Structures are given as structure tokens and as C-alpha cells.
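Notes to accompany the following structure.
Nothing in this text is a laboratory measurement; each read-out follows from the coordinates by a stated rule. Please read these numbers as outputs of a predicted model, since none were measured by experiment. Methodologically, a virtual Cβ is constructed for each residue, glycine included, from the backbone with ideal geometry; neighbour enumeration extends over all protein chains shown.
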């Protein structure tokens, strides 16, 4: 690591000064990369220390922070092949299991109500499906009031016309009287 | 005030009006607290503005000392009555379709002016009672139209009373909601929602309000909540929620007769700055052409000719459609008496208006006179159209009498007592109405001979026709 850092700090002025020396300087860089890939690429590698004869390392892949999807364990034993154990069972925490069950219960309750209502004969009955007050299929609750309202407006217009006619008639009479 | 707080009755200053504070509390009262000249001027001016000045309820606003005598109403709003259409003119030059607002027009300030002037754009009338009470409310609606031009009047009435508004051109919507009844909670809350959605400026109610009815009106969020209240202890708390209250003379408003709403009319037509007092309009009904045609077909089928029949209304029945006033329960005559009255009517055909089909047989049986018509009519609209085409009306104290007066038809009104007659048909001579009242105070003892004599007014009118 210290070498890599040194390489970087040395490399910086060289890149700036001359292109020739960059080839030489690439070397420590690539070595650093290689070292990292072998030892620390998977941050989950854990190397239990203490026994020289047997070493094991474990790698976990999480779908969500609390939701381990897969685990790979590699055990090194001297003189033998590596023992690799894959575990691809979902490991849910208690909280997650509880959440799943709560969701299941809620969905079941909602589903009973919703899909039960789809079968409810009331919604297919005449009381619910019959035509609305104006025959359109929509219930228009103010229909009667609106008819009455327009009838009154009509009445108002009739009266207004009558009044105007009377006034005009009176004016004509006055005019005729004036002419005579 | 700080000195009074040490006294045992600390609540008393809030219960009474500030001017009527016990003067003992202010032993060294500074003179500026009660300048005598100004105070006199204030009371005089307010008494001019509101002739029926009542004691204000200090609970509503303890700092409300009445009108400000120094207030100047200049150009803040236009003097006089409200305009019929407040919408500013269209502006064809404006690319955005904005209206031609006057310079400096500020919508909030405009509203303020309207509030000071007391403009009413939308008004709701809740009318208690049946057909008779609703019919007598017509002058109030006309008054609203005259006094507040451009007003939209809606009505809430009982199912019977609502039928009257077929005859009223001034009403926009009429809904069934019986203020006297005991509504279901769903209907009650629904109606509050409807009233709130319509954004009324003013709600008038002729139901005698207690706290419950006042709360209903309060929840409608109208600006002015105007109602009659109980004249007794039942009114406790009602005026806290109402802006204006009227106290009737008795617990039955209908006992006031034709002028049963006189307090409300008085208040609505009050003089205000440059607006003079609005005269009370007479009761008028308007009948639509459609209704006239329908009723004409109906009475032709019953064998009557236009202008050649007399409407007889007020047959005793257990029907709800007999259109009596709540203030005069003794106002129906049994068929035997009607038989005597119509015994020798000739020339004009008596048309009996029955409120229920089951009365038809009784009329056919009991009435001796063969030349009669029988019509089944329950709505005031049809009755008015029938009366409009008739030569005259003989009726007891039912809506028929008021309709005849409204259409200026000659009528004979049979009353149980003379006082009732004067109450329900004031100025009878002007209305071509002959009042015949029983001497004993009971309608059934009415003098049939007098009625027969009075029948001559119909013949006269027929001769004129």
C-alpha cells in the first residue's frame, strides 16, 4: 500500500514533465492493482487467522442491507483442494419475516373485501344498475329541482313579457290619444 | 376595570353592556369616558337608522358599541341599493380576456364595501309550516327581490309547502327540508353540506329557533343568520348563534294571520343611508301557461266552463291537503253546511275541490244540488289556476282565500270569528272579499243566510263579464 502511494506521489510530477518516464512509472501502479485484486477486491473477504493449517473465507451478497441473498464460503486446508460452500437460501431477519406476514394478512383481508364485493349481487341488482333519473345511467339527484327551477325561470320570463306588452300597449294608447 | 376585578362578582362587567356598567364601580369616573353630547348624538342617529333598535346581546361582541357616529361613508361603495349585476363589462381589447375593472379596483376592498352596505347575493329562506304559511311568505320574497336587486332566493320548506313555489317566479331552487320535522342525521348533515356549498350570504328562517335550530343555521356558514326565536325560555342561547332575531307575539307564528311575518318584513325593508324604507308588497302569485292549460283540461272534464263556476274549498276531511293555516284550526266545514250554502246557486256552477279521492262519493251523496263539478286538487298551483279561471271563490280560511285575493277574484270568506277574519284578510273590501263570520266563535254555526246574500257579488261580476 505504501508502495502504491509512493508510486502515485512520484508519478504525478513525471506525468507532468515528460512522457518517456510514464512507461516506467506505470509499473508500480499496475502492481498495486494486481495486489488489490488478489487480496482486497471483495471487501467481504474475511481471513480468520490463528491456525496455519486451515484458513476459511466467507463472502456474502446482499440484495438489501438486511437481506442476504447468497453466501459463499471458501475453506483452505493445507495439502487439499479448497472446500467451497455455496449457500443460496434467503436469510430474512425476524423483522423482515414479520413484515412479510403483515403484508400477507393485510392483502388477504383487502382481497376478501374487494373480490368479495365483486361477487356481491347488490352491485348487479336493479337498485344499483338501473338507469338514472334522466335515463342516462347516471343518477342525477337534482333533476327534479332543476326542472322546477327552469320552470320558474320560464314563468319569470312569461311575466316579464306580459309586463312589457302591457307597458307597450299603454304607451301606444297614449300615443294614439296624443295624435287625436 | 382592574379595581372591579377585586370585587366578588367579577363576571358582571362582561354580562352587561359597557355603557350600563354600575357607576358605583367608577367612583372617580373621568369625564372623557362618557361625554354626554356625543352619547346623545350616537343614540339619536342609531335610532334613526334602526327604528326597531333592540338591546344587543353582549355575548356576541362585547366591544360592539353600535354604529360609529363619526363614520363617513364616502366613495367606499356606491350609495343606494346593490346593483343587479356586479360583473364588470367585457374588455374586447384585452388579449387575455380580462374584464374591464375600474382603475384601482381591489377585490377585497370591493367586498368590504358590499359588507358594509349589507349586500345579499344569495339568500336562503327556511319556511316552517304548510301551504298557507308558505303562501303568506311570498311578499317577503318579493320584498327581498325589490330591496336587494339581483338577489337569488332559494327555499327550504316542507314537502307540502314546497309545492307553493310553482307559483313563485322569484325563487331559484326549492328543496324539501322540513324545519319543523325531526330529520334523520344523514339528512341533517347532508343539508348542512348543501347549504355550505351554496355559500349563502343570508339565511332567513321562520321556524321559531331554539339553540338547536340556531346551531343548524350557524353551521351553514352564512353571513347573516336571521330567524324568529321562541318568545319563551326555549330561545335560550339561540341569539348567540344568530345575527338577527325576531320575537313573535305568541309561540304560534301563524296566529298573526296575513301579517304573520311582519317583524321580518319590517327588518328586511328597513331604511338604510340613502335607501328609503321599502314598502311591503302585496301577495301576488303567478301561474304558468302550462299549469293553466292542464287545469283547464281538468275542469272541462269535470263539466265546468271558464269563468262560469265558483270554486268551493274547505271541505272537512282528514286529508293533509286541505291547506289550512296553523293559526286557525277551526277552518273546515262539513258537507252538510256546504250543501245548504250551495243549495240554490244558479247560473254559476259550484265546483267542489276535494283534497282526497275518497271524498268524491261523500260529495255526490250529500250535496243535493245536481249541477256541480267535483275536482280532486291537492296542490296550491292547480288550485290557483282553477281560481284564476273562476268567477269567484267561496272558501273557509284556507289557502284558496289568499289565492283568490292574490289573483283579485271576488271571494266569500267564512270565518269562525270576526277577529280571525280581520287577521287573515285585512282590508277585505279592497280585495273584493266578503267576510262572513260566525257569531258563536265556531265555524259550524255560520249564518247560511248571510252567505247566500253575499253570493250576489258573483252575479255582479258575471254581469260585468
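Does residue B:148 meet the test of being more than 17 Å from residue B:261 (Cα to Cα), more than 10 Å from chain A (Cβ to nearest Cβ) and buried (at least 22 other Cβ atoms within 10 Å of the Cβ)? Criteria met by residue B:148. Taking residue A:103, is it over 26 Å from residue A:60 (Cβ atoms) and either surrounded by 10 or more Cβ atoms within 10 Å (Cβ to Cβ) or touching a residue at least 40 places away in the same chain (Cβ under 8 Å) (or both)? No; evaluated as a whole, the condition is false for this residue. Quick one: which residue in B:327, B:314 is buried (at least 16 other Cβ atoms within 10 Å of the Cβ), within 22 Å of residue B:440 (Cβ to Cβ) and touching a strand residue (DSSP E or B) at 6+ places or on another chain (Cβ under 7 Å)? Exactly one residue qualifies, and that residue is B:314.
A quick yes/no check of all residues on (1) buried (at least 20 other Cβ atoms within 10 Å of the Cβ); (2) within 14 Å of chain A (Cβ to nearest Cβ); (3) within 15 Å of residue B:268 (Cβ to Cβ):
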site	(1), (2), (3)
B:152	no, yes, no
B:164	yes, yes, no
B:171	yes, yes, no
B:186	no, yes, no
B:191	yes, yes, no
B:197	no, yes, no
B:209	yes, no, no
B:217	yes, no, no
B:228	yes, no, yes
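Is there a residue being within 14 Å of residue B:371 (Cα to Cα) and part of a loop (DSSP other than H, G, I, E, B) anywhere in the range B:319-328? Looking through the range B:319-328, none of the residues is within 14 Å of residue B:371 (Cα to Cα) and part of a loop (DSSP other than H, G, I, E, B).
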